[in-house]
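Structure, as structure tokens:
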């Protein structure tokens, strides 16, 4: 196998085996979360920061108001569903 670019692998005609060990290792590591977090079933456990959880709950309830439509773009609404 020749490597000329880190993302492209060329396989020679005489190669009978392909080692995908490194690709699988990278795939598994990219699938794992980078940071551990409390699961829903363990929210009241000792590892979950209660003050942080309360702050997140407060922020979750405060949804930003939807912005009013700008009258400049009102005329373009008629062209939205043309297909």
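Observations, loosely collected:
- Cα→Cβ-extended label distance, 7 Å offset, between residue 8 and residue 23, nm: 1.6 nm
- Computed lengthening from residue 60 to residue 34, 0.36 nm per intervening residue step minus Cα-Cα distance: 7.1 nm
Where a number appears in this text, it was derived from the coordinates with a stated rule and is not lab data. Given the structure is predicted, the values throughout are model-derived calculations rather than measurements. Counting neighbours? That spans all protein chains shown, and the Cβs are built from the backbone with ideal geometry, glycine included.
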